[in-house]
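*Asks:* Before we start, here is the structure in question, set down as structure tokens.
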Amino acid sequence: EDIRCKCICPPYRNISGHIYNKNVSQKDCNCLHVVEPMPVPGNDVEAYCLLCECKYEERSTTTIKVIVGLLLV
């Protein structure tokens with residue numbers, strides 16, 4: 001995919017750290033929309049999401065394919 005939201009969540013209490021990826025729009029690029037299933041109970045969601053760092057990423061796979069093709073030739 002050419003777009004994705006990547007959330008990096010560090011360890012929290014007894015839960016190990018994890019990286020979550022999901023294809024969502026830039027405005028939905030946050031912990032609540034990307035982290036599924038939510039590893040913490042409802043009352044800990046806000047604290048857990050504050051620790052997560054989410055970034056919207058966009059790339060052009062067509063350009064990448066053309067460059068790799070040129071390098072191979």
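*Asks:* In percent, how large is the relative contact order of region 2-72, given Cα pairs closer than 8 Å and 6 or more residues apart?
*Replies:* Over region 2-72, the number comes to 40 percent.
*Asks:* So if R0 is 22 Å, what FRET efficiency would A47 and I19 give, r being the distance between their Cβ atoms, rounded to the nearest 0.05?
*Replies:* 0.70
*Asks:* In addition: Picking from I15, I64, C52, whose Cα lies most toward the positive end of the charge dipole for the chain (charges on Cβ: Lys, Arg +1; Asp, Glu -1)?
*Replies:* I64
*Asks:* Can you pull out the GluC sites (Glu not before Pro) in the chain that DSSP calls coil and that have at most 14 other Cβ atoms within 10 Å?
*Replies:* Those satisfying the criteria are E1.
*Asks:* Report the charge-dipole magnitude of the chain in Debye, nearest 20, computed about the Cα centre from +1 at each Lys and Arg Cβ and -1 at each Asp and Glu Cβ. Don't skip to the answer; put the middle values down first.
*Replies:* On the way: 8 positive and 9 negative charges, 41 e Å.
My answer is approximately 200 debye.
*Asks:* Give me P(r) over region 2-72, computed from all C-alpha to C-alpha distances, binned every 5 Å, as integer percentages.
*Replies:* 3, 16, 24, 17, 12, 9, 7, 6, 4, 2, 0
*Asks:* For K55, give me every one of the lysines with a C-alpha distance below 22 angstrom, ignoring sequence neighbours fewer than eight places off in its own chain.
*Replies:* The reachable lysines, counting only those whose Cα sits under 22 Å from K55, are K6, K22, K27.
*Asks:* Let me ask something additional. At a Förster distance of 22 Å, what's the computed FRET efficiency of L71 paired with D2, Cβ-Cβ distance as r, to 0.05?
*Replies:* The calculated FRET efficiency here is 0.60.
*Asks:* Accessible area, 1.4 Å probe, largest first: how do C54, C7 sort?
*Replies:* Greatest to least solvent exposure: C54, C7.
The values are calculated or read from the model by the stated rules, or taken from the named source; none is laboratory data. Fair warning: this is a prediction, and the values are worked out from it, not measured in the lab. Cβ coordinates were reconstructed from backbone atoms using ideal geometry, including for glycine residues, and neighbour counts include every protein chain displayed. Keep in mind that these areas ignore ligands, DNA and RNA; they rest on the heavy atoms of the full protein, side chains included. Shrake-Rupley method; radii C 1.70, N 1.55, O 1.52, S 1.80 Å.
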